[in-house]
Amino acid sequence: MATYAIGDVQGCFDELHELLNKIEFDQARDYLWFAGDLVNRGEKSLEVLRFVKGLGDRAITVLGNHDLHLLAVVQGRREPIAKDRMEAILNAPDRDELCTWLRQQPLMHRDEQLGYVMLHAGLPPQWSLDDAIARAAEVEQVLRGDDSAEFINHIYGNEPMQWSDRLSGWQRLRFITNCFTRLRFCDEQGRLELKGKGAPGSQPVDYQPWFDLRATQCDQQQILFGHWSTLDICPPGNVYALDTGCVWGGTLSALRIDVEPQWTNVACRAICDPRG
């Protein structure tokens, strides 16, 4: 039995199939963790959604910003943008079934036996992992409930920039969602910088990669995350960056996590500008 964590697939179904063949994935005994962004910029998002959903309890996926964007488009809360490739999902007979399944997925997954947690983007330095699990649960409860459409309508925006226990309502849920699905840079006070998409060194003064600011938390579990295809570095400590830029012409990567960490990757063709 093996467990593999896989970076942002973003609709690259053929490459995912090649990667699973390379690691000799056996659905009867192995498990896959997906770091979010199953869909959007690649050409076969519908096939990816159907495949991962069909894995049942053999797969765990956390939600990414592109997954939420799909939900917003399906619900008529956002218009597709030029680089989206979601037409097949929007026209699929099982579209609603797939989106209902997607809404049930968590923002954060923790396995204390393996010693890993997984999320799509990042965590502010003020949250412990226990805090983060609790904050994720707040959003998950709303997203899975009757207020999901209203939630989607309120999650867009960069404010508030900083966490406070006094935050409430949509502002509280928006901040939590932005951390889990969009965060790359923040400062020591936990103020988010959500515009930058470049590698470390491109951020404004006083901001740092979120993982560089977590030393004070002494995280007990190792953290897996995606989202940051332009990272181009190995994060320090107990942090693993899974998004190796498949849809941008990089690779699709799997990290085996039930033993000493082992990387496997397959090459992908360039589709989009990574700044998009």
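Figure legend. Inter-residue proximity from the stretch 53-80: first residues among the polar types (S, T, N, Q), second residues surrounded by fewer than 22 Cβ atoms within 10 Å (Cβ to Cβ) and in a helix (DSSP H, G or I), beta-carbon distance below 7 Å, spacing 6+ or different chains. Indicated pairs: Asn65/Arg182; Gln75/Ala149.
Quick check on the stretch 24-31. Is at least one of its residues among the aromatic types (Phe, Trp, Tyr), touching a strand residue (DSSP E or B) at 6+ places or on another chain (Cβ under 8 Å) and crowded, with 18+ Cβ neighbours inside 10 Å? Within the stretch 24-31 (the criterion being among the aromatic types (Phe, Trp, Tyr), touching a strand residue (DSSP E or B) at 6+ places or on another chain (Cβ under 8 Å) and crowded, with 18+ Cβ neighbours inside 10 Å), the answer is yes, since at least one residue qualifies. Applying the criterion of being surrounded by fewer than 20 Cβ atoms within 10 Å (Cβ to Cβ) and within 19 Å of Glu43 (Cβ to Cβ) to the residues of the stretch 265-276, the residue that is modelled with the lowest pLDDT is Gly276. Applying the set (1) of a type outside the set (A, V, I, L, M); (2) in a helix (DSSP H, G or I); (3) touching a residue at least 12 places away in the same chain (Cβ under 8 Å); (4) surrounded by 13 or more Cβ atoms within 10 Å (Cβ to Cβ) to Asp131 leaves exactly one unmet item: (3). Among the numbered conditions (1) within 28 Å of Gln221 (Cβ to Cβ); (2) without any contact (Cβ under 8 Å) to a residue 12 or more places away in the chain; (3) among the small types (Gly, Ala, Ser); (4) not in a helix (DSSP H, G or I), the only one that Ala137 does not meet is (4). For the stretch 112-127, residues that are in contact (Cβ under 8 Å) with a residue 12 or more places away in the chain and out of contact with any Cys (no Cβ under 9 Å at 6 or more places or on another chain) total 8.
Whether any residue in the stretch 69-81 is of a type in the set (Lys, Arg) and modelled with pLDDT of 95 or more is what I want to check. No, every residue in the stretch 69-81 fails to be of a type in the set (Lys, Arg) and modelled with pLDDT of 95 or more. Please verify whether the stretch 143-164 includes one or more residues that are without any contact (Cβ under 8 Å) to a residue 40 or more places away in the chain, buried (at least 20 other Cβ atoms within 10 Å of the Cβ) and either assigned to a loop (DSSP other than H, G, I, E, B) or in contact with a Pro (Cβ under 7 Å, 6 or more places away or on another chain) (or both). Within the stretch 143-164, one or more residues are without any contact (Cβ under 8 Å) to a residue 40 or more places away in the chain, buried (at least 20 other Cβ atoms within 10 Å of the Cβ) and either assigned to a loop (DSSP other than H, G, I, E, B) or in contact with a Pro (Cβ under 7 Å, 6 or more places away or on another chain) (or both). The condition of being basic (Lys, Arg), farther than 17 Å from Arg50 by Cα and modelled with pLDDT of 95 or more does not hold for Arg103. Scanning the stretch 73-119 for residues that are β-branched (Val, Ile, Thr) and over 30 Å from Cys218 (Cβ atoms) returns Val73, Val74, Ile81, Ile89, Thr100.
Checking each residue in the stretch 159-174 for being farther than 15 Å from Ala72 by Cα, out of contact with any strand residue (DSSP E or B) (no Cβ under 7 Å at 6 or more places or on another chain) and not small (Gly, Ala, Ser) picks out Glu159, Pro160, Gln162, Trp163, Asp165, Arg166, Leu167, Trp170, Gln171, Arg172, Leu173. Considering only residues of the stretch 165-183 that are part of a helix (DSSP H, G or I) and touching a helix residue (DSSP H, G or I) at 6+ places or on another chain (Cβ under 7 Å), which is farthest from Asn65 (Cα to Cα)? That would be Trp170.
The values are calculated or read from the model by the stated rules, or taken from the named source; none is laboratory data. Remember, predicted model here, so these are calculated numbers, not experimental data. No Cβ is skipped: glycine too gets one built from the backbone with ideal geometry, and neighbour counts run over all protein chains shown.
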